[in-house]
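Shown next, in structure tokens, is the structure this report addresses.
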């Protein structure tokens, strides 16, 4: 994070997302402010909280993608959740605090993977020794009067080790005890594991007996099973927990989508539990609270919250004033124009046209998108969005899938493996659908 300036963050996001400069600048500054905060004096640092962001814009313009790519860029634990998933505590739905528990689980996985990389070399050495023990079990009775037996055993072991490292014995079968972890979740399927007391959940997992099974498996598969066991044994769980909690508290990003679905004018028919209730529950988590997780308490004071919503039927000012105050930065994402669709089809690192070309190249089919073919795709996507529901860049998936459907189906059997997708080809596949209004609404 220290190496990335806001300008460099925006340049990296530009490789994957077209346009939306205001949103990119806002998130780039938010991430840079985290690095700046880490370099403040400790007494000042504790008072500097992140400035949360609301992204306002229609579906399919890049709100989620900006947040997801940003988290990947800086290696921060990232969780995307829909606000509509939660309801006020006491009513059917998930507890709002469960988002912090989910984020902590993600951080635990990230740190565990990082620690695994550190112990992997030592774990591989131990795996080789364990495989040798399976191939040549050590004799329990060592006779001091016959030391040559021990020497012979060691020489055989050394030869076996050399063959093992050369990869000559990968198909040989060994007998291995494999642990099968019991899955107690089904017992509480109606209750939901996140609503159980976290300590009780831990205790329940510990008291369930582990089932083990003797299996005859090839050495190549045994190596994978043993590597998992040895790496797990070498990783210090306490270090993983401490690092993960620190990562969540200082680097965590929670993306709250569909925020507009839980706001609206005040209900005139009694308490509106599905909207105002969720906002009230969301407020302390965004404001900064301590959430009990199975790994210990986690503070949310410095977690960055990025909210998003289309706000077609409501507006950010319909949110509770207290919640509005916790999202001081607001950026508006613009509708996609024809020129944006053109850029989306060609500029990003993994543009849709490149994805389809590479997918069909696996079958030996060479898909060639011409300039006028891409322009035709952009024109039709823009027109369908304008006349039907505007679903942003996701419209391109629908249209492209329809255009290449026949090639995808016949790909393995095509005699001519070179297919040119030009303007005429695109219109030939789509014009009949677009002209029939009812059909276009159904299919596109």
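The values are calculated or read from the model by the stated rules, or taken from the named source; none is laboratory data. The structure displayed is predicted, hence computed values, not measured ones. Methodologically, a virtual Cβ is constructed for each residue, glycine included, from the backbone with ideal geometry; neighbour enumeration extends over all protein chains shown.
Of the strands (runs of 3 or more DSSP E) lying entirely inside region 290-342, those containing at least 2 residues that are closer than 30 Å to residue 396 by Cβ and in contact with a strand residue (DSSP E or B) (Cβ under 6 Å, 6 or more places away or on another chain) span 304-309, 329-332.
Any residue that is touching a strand residue (DSSP E or B) at 6+ places or on another chain (Cβ under 8 Å), closer than 28 Å to residue 314 by Cβ, surrounded by fewer than 20 Cβ atoms within 10 Å (Cβ to Cβ) and in contact (Cβ under 8 Å) with a residue 12 or more places away in the chain - is there at least one of those in region 4-24? Yes, the conditions are met somewhere in region 4-24. Filtered by the rule that a residue be out of contact with any helix residue (DSSP H, G or I) (no Cβ under 7 Å at 6 or more places or on another chain) and assigned to a helix (DSSP H, G or I), region 151-176 gives 151, 152, 153, 154, 155, 156, 158, 159, 162, 163, 165.
Remark: pairs (first residue in region 255-268, over 10 Å from residue 315 (Cα atoms); second residue at pLDDT below 85 and surrounded by fewer than 21 Cβ atoms within 10 Å (Cβ to Cβ); Cβ separation under 6 Å; 6+ apart in sequence or on different chains) = 258/84; 261/84.
Restricting attention to region 257-281 and to residues that are part of a loop (DSSP other than H, G, I, E, B) and in contact with a helix residue (DSSP H, G or I) (Cβ under 6 Å, 6 or more places away or on another chain), the residue that is modelled with the highest pLDDT turns out to be 258. Against the list (1) at pLDDT 90 or above; (2) surrounded by 17 or more Cβ atoms within 10 Å (Cβ to Cβ); (3) within 30 Å of residue 119 (Cβ to Cβ); (4) touching a strand residue (DSSP E or B) at 6+ places or on another chain (Cβ under 9 Å), the condition residue 226 fails is (1). Residue 284 falls short on exactly one of the conditions (1) out of contact with any helix residue (DSSP H, G or I) (no Cβ under 8 Å at 6 or more places or on another chain); (2) modelled with pLDDT of 90 or more; (3) surrounded by 17 or more Cβ atoms within 10 Å (Cβ to Cβ); (4) farther than 30 Å from residue 14 by Cβ, and that condition is (3).
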